[in-house]
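The values are calculated or read from the model by the stated rules, or taken from the named source; none is laboratory data. All values derive from a computational prediction rather than experimental measurement. Using ideal geometry, Cβ is built from the backbone for each residue, glycine included, and neighbour counts are taken over all protein chains shown. Areas reflect the complete protein model, heavy atoms only, side chains present, ligands, DNA and RNA absent. Shrake-Rupley method; radii C 1.70, N 1.55, O 1.52, S 1.80 Å.
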Amino acid sequence: MVMEKAAQLGFILEHIPIGLAVNHMDSGEVLFVNKRFSEIYGWPVNEILDIDSFFEKVYPDPIFREQIKSRILADIHSGQPERMAWDNIPISTQSGQRKIVSARNIPLDQQRLIISTVWDNTEDNLKLISLFQERNLLRTLIDIIPDYIFIKDREGKFIVNNDAHVELLGDRTENDSLGKTVFDYFPKDLAQQYMEDDLLIIDQADSIWNKEEKIFDAEGNEKWINTTKVPLFNSENTITGLIGISRDITAEKIREFNLKYRSKLLSAITVISHQLFSNEDWKVILPYCLEKIGETISADRVYYFESFKKPEAPEKIFSRQVSEWTNGKVSVQLENQDFQALELKQYHEFWSLAINQKPFSCLTRELTGATRDLFAEQDILSFIVIPIFLKGEFFGFVGCDACHQERIWTEEEIAFLQSIASNISIAAQRKVHLDELLNLNKQLKKTITDLEFSNQELEQFAYVASHDLQEPLRMISSFLTLIEKKYNDRLDEKGKQYIHYAVDGSKRMKTIIMDLLEYSRAGRLEYPKEKVNLNVLIEEISELFTKSITDSQAEIIYNDLPILQIQKIPIRQVFFNLIGNSLKYKKENLPPKIQIKALESETEWEFIVSDNGIGIAQEYRSRVFNLFQRLHHREEIDGSGLGLSLCKKIIENQGGMIWLVSETDVGTQVHFTLPK
């Protein structure tokens with residue numbers, strides 16, 4: 001029975017999962033070693049039975065071997081059981097594998113035995129090392145992330161803060177921040193809002209995603225963050241707190257604000273420009289423009305001053321306030337008499353910039369002398385003034401004041417005000433031009449009225465004079481003819497020649513009077529428009545010149561002339577005069593050849609009457625359309641010098657143009673146009 005129990009005990013000791021060895025306390029002799037002991041140390045039993053051999057095999061590094069051997073033997077010799085426990089000791093197996101083991105020695109003093117136990121911690125140790133490395137890596141990652149990461153318990157106390165969040169809170173280390181709440185760092189109203197969000201997450205297992213909120217860092221700087229908070233659960237699925245991560249979006253918010261602000265400025269420029277340019281008098285809309293400026297850039301006061309000079313001091317430049325807008329929170333200065341005659345050169349800091357078309361922006365406390373007094377007496381803390389020039393001369397300025405806190409005007413705001421000032425300058429220049437144009441139109445209307453009246457008088461005079469002059473000429477011609485008939489036998493040849501000259505002169509005078517009468521009628525009488533076939537019209541005119549055409553063997557060529565809706569009588573007169581001139585100014589011994597063409601364009605008809613006559617010399621071409629311009633003596637070619645002048649007047653009254661192209665001894669082309 002005893003042997004059976006001993007066998008059972010031996011079987012159990014051989015198969016327990018830990019290594020087991022029994023040594024004699026005095027001699028060190030190994031009395032028992034189970035299989036697991038050998039497996040854990042990785043050496044055959046016979047290789048590690050001796051203590052010295054055991055230490056040499058299991059701890060190959062001589063330095064570490066001496067350290068661990070001295071420690072273990074000292075612990076054993078102390079006789080204190082609590083010292084005979086060694087955790088996580090590195091060893092080497094026969095194959096060179098490194099393991100981590102833990103050992104315990106149990107002394108049995110009465111039996112003078114030591115029971116040594118050992119178990120393999122290699123896998124657990126690797127897990128611990130891996131877990132440590134993972135946690136260390138995770139912590140490193142959390143700390144290098146620029147976002148603010150934190151963990152709070154159910155009471156809202158910080159239990160984890162990464163480096164970025166510690167810096168935001170203004171603490172030196174994470175330990176300084178642990179156990180504190182948001183009330184230790186932020187203003188009460190913000191802290192209360194943060195705490196309400198935390199309670200919502202913890203009490204209701206809710207989450208907050210991407211909430212944009214405003215905070216202040218440890219230095220009091222305003223920041224914008226995007227925050228996400230989720231509940232933190234333990235292994236029993238109970239909420240123990242919350243995890244939060246916040247991203248600094250201040251730069252994005254600033255960009256977003258700047259973009260919206262620029263859009264607001266551009267929109268205001270568009271509205272103000274439209275108002276300035278859609279009103280003839282820009283000063284009428286100026287109060288609205290100043291209001292729009294003030295509301296757009298949140299100024300306390302906006303004003304416009306214009307410059308002027310006094311007759312008694314023309315060398316000085318003064319300025320007076322014309323219009324003003326305020327937000328209702330500052331004093332109104334429009335009626336301030338001190339601002340109705342400011343001598344600008346007294347304010348050197350302003351004038352030195354304004355005269356060079358540069359903006360003047362400053363904090364009042366940085367000014368000196370008269371300029372500082374001017375702004376300080378209005379309780380202005382900072383301001384900006386933009387000069388306005390008109391035709392290169394200083395014209396005035398527009399300005400904005402900040403009276404409740406100092407303000408540095410941005411480049412966008414300065415550009416905005418400069419654009420408005422430029423538009424005011426354009427509107428003012430436009431008003432000057434409009435006034436000049438109105439005055440010019442008034443003068444022009446008066447001149448046209450006077451000219452029309454004068455032309456009417458002149459035409460009436462010519463008409464009346466022509467009729468009144470014909471009767472004396474008729475009497476002179478009649479009586480001279482009667483004298484010649486009655487006293488023919490008494491007159492010698494010279495007397496008869498004198499009477500002939502007188503009668504011929506009266507006939508020429510009558511021709512001139514009739515032509516002058518026709519000229520005065522041109523443009524004065526309104527003829528109805530009618531459909532005219534120009535081929536038929538030229539045929540009718542040709543019949544009137546039948547004798548001249550027959551005598552000179554002339555040829556008039558015209559084909560496919562258009563049918564037009566025109567005033568027939570004036571146009572008939574034009575073709576009559578031009579054909580008559582071609583027949584009159586022909587070459588000797590060369591039959592006249594007259595050709596009439598019509599050219600059509602989108603807006604007008606162009607007619608060309610050409611001949612092969614004597615032509616016109618270069619020096620006379622610019623004068624042929626003037627009144628009474630004759631290029632030949634009456635003895636050579638008869639005429640009054642009114643034909644082409646009459647044609648010019650008729651064509652221009654029809655809205656067309658007339659000109660000629662001519663070459664001496666080659667011929668002449670007369671061109672004229674009629675609008676459709």
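For the stretch 107-120, indicate whether the set of residues that are basic (Lys, Arg), in contact with a strand residue (DSSP E or B) (Cβ under 8 Å, 6 or more places away or on another chain) and outside any helix (DSSP H, G or I) is non-empty.
So the first thing to find is which residues in the stretch 107-120 are basic (Lys, Arg), and the list is 112.
Then drop every residue that is not in contact with a strand residue (DSSP E or B) (Cβ under 8 Å, 6 or more places away or on another chain), which leaves 112.
Then keep just the ones that are outside any helix (DSSP H, G or I); that gives 112.
Within the stretch 107-120 (the criterion being basic (Lys, Arg), in contact with a strand residue (DSSP E or B) (Cβ under 8 Å, 6 or more places away or on another chain) and outside any helix (DSSP H, G or I)), the answer is yes, since at least one residue qualifies.
For the stretch 321-343, give me each residue that is in contact (Cβ under 8 Å) with a residue 40 or more places away in the chain and open to solvent by less than 40 Å² (accessible area, probe 1.4 Å).
323, 330, 333, listed by residue number.
What number of residues within the stretch 552-575 satisfy the criterion of being out of contact with any strand residue (DSSP E or B) (no Cβ under 9 Å at 6 or more places or on another chain), open to solvent by 50 Å² or more (accessible area, probe 1.4 Å) and at pLDDT below 90?
1
Output the qualifying pairs, or none if there are none: Cβ atoms under 8 angstrom, residues six or more apart or on different chains, first residue in the stretch 615-634 and at positive phi, second residue modelled with pLDDT under 70.
Final answer for the pair search is 628/640; 628/641.
May I ask you to list the residues in the stretch 360-380 that are open to solvent by 60 Å² or more (accessible area, probe 1.4 Å) and either at positive phi or of a type in the set (Phe, Trp, Tyr) (or both)? Write out each step before concluding.
The initial filter retains those residues of the stretch 360-380 that are open to solvent by 60 Å² or more (accessible area, probe 1.4 Å), namely 365-366, 368, 372-373, 377, 379.
Matches in the stretch 360-380: 379 only.
I need the full set of residues from the stretch 70-106 which are open to solvent by 50 Å² or more (accessible area, probe 1.4 Å), outside any strand (DSSP E or B) and touching a Phe, Trp or Tyr at 6+ places or on another chain (Cβ under 9 Å), in order please.
Selection gives 71, 94.
If you check residue 383 against the conditions, is it surrounded by 13 or more Cβ atoms within 10 Å (Cβ to Cβ) and free of Cβ contacts under 8 Å to residues at least 40 places away in the same chain? Write out each step before concluding.
Values: surrounded by 13 or more Cβ atoms within 10 Å (Cβ to Cβ): yes; free of Cβ contacts under 8 Å to residues at least 40 places away in the same chain: yes.
Judged against the criteria, residue 383 is a match.
Of all residues in the stretch 26-56, count the ones that are part of a helix (DSSP H, G or I) and closer than 15 Å to residue 103 by Cβ.
To start, the set of residues in the stretch 26-56 that are part of a helix (DSSP H, G or I) comprises 35-41, 45-47, 51-56.
Those left that are additionally closer than 15 Å to residue 103 by Cβ: 36-41, 51, 54-55.
Residues meeting the conditions: 9.
If residue 318 satisfies all but one of (1) more than 19 Å from residue 291 (Cβ to Cβ); (2) out of contact with any Asp or Glu (no Cβ under 7 Å at 6 or more places or on another chain); (3) open to solvent by less than 40 Å² (accessible area, probe 1.4 Å), what's the number of the condition it fails?
Result: residue 318 fails condition (2) only.
Looking at (1) without any contact (Cβ under 8 Å) to a residue 24 or more places away in the chain; (2) open to solvent by less than 60 Å² (accessible area, probe 1.4 Å), can you tell me which one residue 238 breaks?
(2)
Can you name the number of the only condition in (1) modelled with pLDDT under 90; (2) under 21 Å from residue 612 (Cβ atoms); (3) in contact with a Phe, Trp or Tyr (Cβ under 7 Å, 6 or more places away or on another chain); (4) of a type in the set (A, V, I, L, M) that residue 642 fails?
Here residue 642 clears every test but (2).
Quick one: how many residues across the stretch 241-253 are farther than 22 Å from residue 142 by Cα and open to solvent by 90 Å² or more (accessible area, probe 1.4 Å)?
1
What do you reckon, is residue 426 of a type in the set (A, V, I, L, M, F, W, C), closer than 20 Å to residue 278 by Cβ and at pLDDT 95 or above?
no
Out of curiosity, is residue 97 polar (S, T, N, Q) and touching a residue at least 40 places away in the same chain (Cβ under 8 Å)?
yes
With (1) touching a strand residue (DSSP E or B) at 6+ places or on another chain (Cβ under 7 Å); (2) of a type in the set (Asp, Glu); (3) surrounded by fewer than 15 Cβ atoms within 10 Å (Cβ to Cβ) as the list, and residue 411 as the residue in question, which single condition is left unmet?
Just one mismatch for residue 411, condition (1).
If we keep just the residues of the stretch 263-306 that are among the basic types (Lys, Arg) and out of contact with any strand residue (DSSP E or B) (no Cβ under 8 Å at 6 or more places or on another chain), which is least open to solvent (accessible area, probe 1.4 Å)?
292
Quick one: residue 126 ticks every box in (1) open to solvent by 70 Å² or more (accessible area, probe 1.4 Å); (2) modelled with pLDDT of 90 or more; (3) among the hydrophobic types (A, V, I, L, M, F, W, C) except a single one, so which number is it?
With (1) open to solvent by 70 Å² or more (accessible area, probe 1.4 Å); (2) modelled with pLDDT of 90 or more; (3) among the hydrophobic types (A, V, I, L, M, F, W, C) applied to residue 126, the lone miss is (2).
Go through the stretch 149-188 and give me each residue that's part of a helix (DSSP H, G or I), open to solvent by 70 Å² or more (accessible area, probe 1.4 Å) and either under 13 Å from residue 244 (Cα atoms) or touching a Lys or Arg at 6+ places or on another chain (Cβ under 8 Å) (or both).
Residues satisfying the conditions do not exist here.
I'd like to check something: does the stretch 2-12 contain any residue that is open to solvent by 50 Å² or more (accessible area, probe 1.4 Å), of a type in the set (Val, Ile, Thr) and either part of a strand (DSSP E or B) or modelled with pLDDT under 85 (or both)?
Yes.
Can you tell me which residue among 229, 260, 309 is exposed (fewer than 15 other Cβ atoms within 10 Å of the Cβ) and outside any helix (DSSP H, G or I)? Spell out the reasoning first.
Numbers: 229 fails: exposed (fewer than 15 other Cβ atoms within 10 Å of the Cβ); 260 fails: outside any helix (DSSP H, G or I).
On inspection, the qualifying residue turns out to be 309.
I'd like to verify a number: residues in the stretch 191-203 that are open to solvent by less than 20 Å² (accessible area, probe 1.4 Å) and either more than 19 Å from residue 230 (Cβ to Cβ) or in contact with a helix residue (DSSP H, G or I) (Cβ under 7 Å, 6 or more places away or on another chain) (or both), how many?
The total comes to 2.
Could you check the stretch 565-585 and list, in sequence order, the residues that are within 15 Å of residue 670 (Cβ to Cβ) and not hydrophobic (A, V, I, L, M, F, W, C)?
Residues of the stretch 565-585 within 15 Å of residue 670 (Cβ to Cβ): 571, 573-585.
Across the stretch 565-585, the qualifying residues are 573, 577, 580, 581, 582, 584, 585.
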